[in-house]
Amino acid sequence: MTADVMAQSTDADKSPTTGSPAAATPDESTGTDNYTGAGKPLAANEIRGMRERIDEIDQAIIDLWLERSRLSREVGKTRMASGGTRLVLAREREIVERFRTALGPDGTQVALLLLRSGRGPL
């Protein structure tokens with residue numbers, strides 16, 4: 001899903017006056033909650049609670065990502081200012097392997113994105 005589509009679906013799920021999730025209204029054709037997709041009110045409430053925690057985790061990931069990128073750029077600037085190289089490939093391989101070991105194949109992609117955000121594209 002693209003960021004544009006995600007933004008549209010997120011905006012559509014919010015009340016136009018408060019910006020908060022729309023009230024749980026069942027879809028008349030399916031009986032499911034329009035916001036959570038749940039078929040029963042208790043499940044909808046449980047899903048809302050889990051989504052709140054997911055949103056908190058997402059914010060923590062974003063904050064840590066930004067901090068890591070900033071620190072990585074500082075390391076690169078300091079290394080180059082001291083006459084060193086732009087990149088240390090052994091360090092990058094170490095990071096990729098750490099993420100791959102912990103997260104499997106998707107970990108490789110996460111590590112490559114993290115590295116790029118800190119040093120820019122190769």
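Out of segment 100-122, which residues are of a type outside the set (Lys, Arg), farther than 20 Å from residue 73 by Cα and either assigned to a helix (DSSP H, G or I) or in contact with an Asp or Glu (Cβ under 9 Å, 6 or more places away or on another chain) (or both)? Answer for segment 100-122, where residues must be of a type outside the set (Lys, Arg), farther than 20 Å from residue 73 by Cα and either assigned to a helix (DSSP H, G or I) or in contact with an Asp or Glu (Cβ under 9 Å, 6 or more places away or on another chain) (or both): 101, 102, 103, 105, 106, 107, 108.
Checking the conditions here, which among 31, 39, 49, 84 is at pLDDT 65 or above, open to solvent by less than 60 Å² (accessible area, probe 1.4 Å) and closer than 21 Å to residue 122 by Cα? So that I can check it myself, show each step before the final result.
Details: 31 fails: closer than 21 Å to residue 122 by Cα; 39 fails: closer than 21 Å to residue 122 by Cα; 49 fails: closer than 21 Å to residue 122 by Cα.
Criteria check complete, one pass: 84.
Can we say residue 91 is closer than 21 Å to residue 122 by Cα, of a type in the set (D, E, K, R) and either at pLDDT below 95 or not in a helix (DSSP H, G or I) (or both)? Judged against the criteria, residue 91 is not a match.
The values are calculated or read from the model by the stated rules, or taken from the named source; none is laboratory data. Bear in mind the structure is a predicted one, so any value in this text is a computation, not a measurement. FYI the Cβ positions are ideal-geometry reconstructions off the backbone, even for glycines, and counts take in every protein chain you see. With ligands, DNA and RNA removed, areas are computed over all heavy atoms of the protein, side chains included. Shrake-Rupley method; radii C 1.70, N 1.55, O 1.52, S 1.80 Å.
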